[in-house]
Amino acid sequence: MLCDVCKCNDATVFLTQIIEGKMQKVNLCDACSKEKGVQDPTGFALADLLLGIGAAEEIEKGAATQRCPVCGFTQADFKKTGRLGCSACYATFTEALTALLKAMHKGTSHVGKVPHRAHRAIELSDRMRNLNESLQKAVAEENYETAASLRDQIKQLEGESTR
Amino acid sequence: MSNAGEWLRGEGPHHQVVVSSRVRLARNLRNRAFPGHAKKAERTAVLELIKPCVEQLPEMQDSFSEFLQDLSALEKQVLVERHLISREHAAKSSGSAVIMNRRQTLSIMINEEDHLRMQSMRSGLQLKQAFKLLDKIDTALEGDLEFAYDHRLGYLTACPTNVGTGMRASAMLHLPGLVLSELINQVVQAVSKIGLAVRGLYGEGTEAMGNLFQISNQTTLGEKEDEIITRLTKVIETIIQKEHDARQVLIQKKSNTLWDQIGRAYGVLTYAHAMSSKEALNLLSIIKLGIDLGAFPEDKRLAIDELFIDTQPAHLQRSSQQKLSAEERDHLRAQIIRTRLKVLPKPDISKLVKEAGNGSSPEPTEQ
């Protein structure tokens, strides 16, 4: 049986943890078990306990010094608390979070409720893209009358979206 | 706030097994530090922005609205025991608030782990109805507040385990039949395997007492709100059936154990002079089972349900209007139970014996 972490050495340490009544089994090789601090159960990173084994490792893969431009949060902070600093952190640490979210949830994309504001923003950007495409086509076809009308519509839409 | 909310008066659908249903939504303001990372001034600014919007909701007319620093430790604990605020929120002080309606069916925490934690509670199995109200509140609030939302990840939350819908739906189940017939671990394991979580009375990391279990969705990303609720409701309906089946098997095959449990619970509760809250919950649970099975009159149900809450530590201290030591609490608890149970007649197992004897089984049928 191969080690769950490095996936190259044979596993020699078989760890079974029961967290909130849920059994988790992890097979580790000698080197990985030492590195993970399995001999010392208190040595587990909080992120591991919270998000499953290997989570802290995933987080570390990203640039550890990266800082959220909005709130100043770092990956190290996340590793320590298991919480993020602000909504912009999701974009900042997207690389590290993608794998975590995949392991944690049923899917990788939201399919539920969309707030009205976001809904409107999506609609506006879709309309804007369509208008721009039509405009380019009209210009290419030297259909200047249509192009002028399209340009007016785009201007109007720009006004709407900044309101 | 003198009495427990109406959702605790078990009258909803499937109330014999499902004590209550609850749905909560987590929301945050865009580009503002989450409460755990925000500086005090930022937290206060967010609070001042959100609180008036919540208070002006039609559902929050005549509401109970308090800053956490204005509540005493005891008052906070009473709210925790009624599940109106989380234990985490009770630990907060300045920069946080709680707003709840008079009926105590809707509670909104500001600056808990997320800027907004909104929850709706109902008695019995009514997850859909609880969500419907919350969805309406959420839609009303998003008109005034810009929530952190990403086209791909949905609602953004402080903990990545809540991202997406930000929704946690849960039901509190009373499962003495499954516990007494030692089938509960199987159920817990089966439920965990399908992406649902089972927890004790006060949520994450708490012990199961009084044969009460909370079951909730574990994941929030990749599934629609109503899909999550439908799936959870189906699983709960299956567990309700299993619980009824287990009770029938107990009546048919282990009736002596069952009468013994009910008789002992009655004896200890009516005669003890010191009782811990854990012991009280465990024994009250057996009396509740006794009512379900017809050993006690149905009209005593409310009195027993109320004791579940009124014997909790903070509720006891509030009723005695003074701080009590653990020992004093145990005495007072036993005294309150003895007094209230004076109206409860001795267990009448004749109906049960008849059932066990002729092998007939009432609804739901044994499988």
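The values are calculated or read from the model by the stated rules, or taken from the named source; none is laboratory data. Computed from a prediction, not measured in an experiment: that's the story for all the values here. When we count neighbours, we look across all protein chains shown, and the Cβ atoms used for this are built from the backbone with ideal geometry, even at glycine. When the accessible area is computed, the model is the full protein with side chains, heavy atoms only, and any ligands, DNA or RNA have been set aside. Shrake-Rupley method; radii C 1.70, N 1.55, O 1.52, S 1.80 Å.
Quick look at the values:
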{"item": "Residue, nearest to the other protein chains (Cβ to nearest Cβ), within the range A:135-161, restricted to residues that are open to solvent by less than 50 Å² (accessible area, probe 1.4 Å) and in contact (Cβ under 8 Å) with a residue 12 or more places away in the chain", "result": "A:GLU160"}
{"item": "Spans of helices (runs of 4 or more DSSP H) in the range B:17-105 with at least 3 residues open to solvent by 80 Å² or more (accessible area, probe 1.4 Å) and either within 14 Å of chain A (Cβ to nearest Cβ) or under 30 Å from B:ASP245 (Cβ atoms) (or both)", "result": "none"}
{"item": "Residue check for A:LEU124: open to solvent by less than 60 Å² (accessible area, probe 1.4 Å), over 24 Å from the mean Cα position of the chain (by Cα) and within 26 Å of B:GLY164 (Cβ to Cβ)", "result": "yes"}
{"item": "Residues (within 13 Å of another protein chain (Cβ to nearest Cβ) and among the small types (Gly, Ala, Ser)) located in the range B:156-176", "result": "B:ALA158, B:GLY164, B:GLY166, B:ALA169"}
{"item": "Some residue of the range B:115-130 being within 15 Å of the chain's Cα centre (by Cα), under 17 Å from B:PRO35 (Cβ atoms), modelled with pLDDT under 95 and open to solvent by 10 Å² or more (accessible area, probe 1.4 Å)", "result": "no"}
{"item": "B:ASP226 vs. criteria under 17 Å from B:GLU237 (Cβ atoms) and either surrounded by fewer than 17 Cβ atoms within 10 Å (Cβ to Cβ) or not hydrophobic (A, V, I, L, M, F, W, C) (or both)", "result": "yes"}
{"item": "Counted residues, the range A:82-103 - those being at the interface with chain B (Cβ under 7 Å from one of its Cβ atoms) and open to solvent by 40 Å² or more (accessible area, probe 1.4 Å)", "result": "1"}
{"item": "Filtered residue count, the range A:104-121, keeping only those that are within 7 Å of chain B (Cβ to nearest Cβ) and farther than 21 Å from B:ASP226 by Cβ", "result": "2"}
{"item": "Subset tally (residues that are touching a residue at least 12 places away in the same chain (Cβ under 8 Å) and either of a type in the set (A, V, I, L, M) or assigned to a helix (DSSP H, G or I) (or both)) for the range B:291-325", "result": "23"}
{"item": "Set B:VAL198, B:VAL163: member being within 30 Å of B:ARG247 (Cβ to Cβ) and either without any contact (Cβ under 8 Å) to a residue 24 or more places away in the chain or not charged (D, E, K, R) (or both)", "result": "B:VAL198"}
{"item": "Close pairs from the range A:78-103: first under 17 Å from B:ASN28 (Cα atoms), partner open to solvent by 70 Å² or more (accessible area, probe 1.4 Å) and among the basic types (Lys, Arg), Cβ under 6 Å, at least 6 apart", "result": "A:SER87/B:ARG30"}
{"item": "Residue list for the range B:219-250, restricted to those being among the polar types (S, T, N, Q), farther than 20 Å from B:PRO13 by Cβ and either assigned to a loop (DSSP other than H, G, I, E, B) or within 14 Å of chain A (Cβ to nearest Cβ) (or both)", "result": "B:THR219, B:THR220"}
{"item": "Leading residue by the ranking (nearest to the chain's Cα centre (by Cα)) among those in the range A:109-121 that are of a type in the set (A, V, I, L, M, F, W, C) and modelled with pLDDT of 75 or more", "result": "A:VAL111"}
{"item": "Condition check for A:GLU158: of a type outside the set (A, V, I, L, M) and either under 29 Å from B:SER192 (Cα atoms) or not in a helix (DSSP H, G or I) (or both)", "result": "no"}
{"item": "Residues that are of a type outside the set (Asp, Glu) and within 13 Å of chain A (Cβ to nearest Cβ), drawn from the range B:119-141", "result": "B:PHE131, B:LYS132, B:LEU134, B:LYS136, B:ILE137, B:THR139, B:ALA140, B:LEU141"}
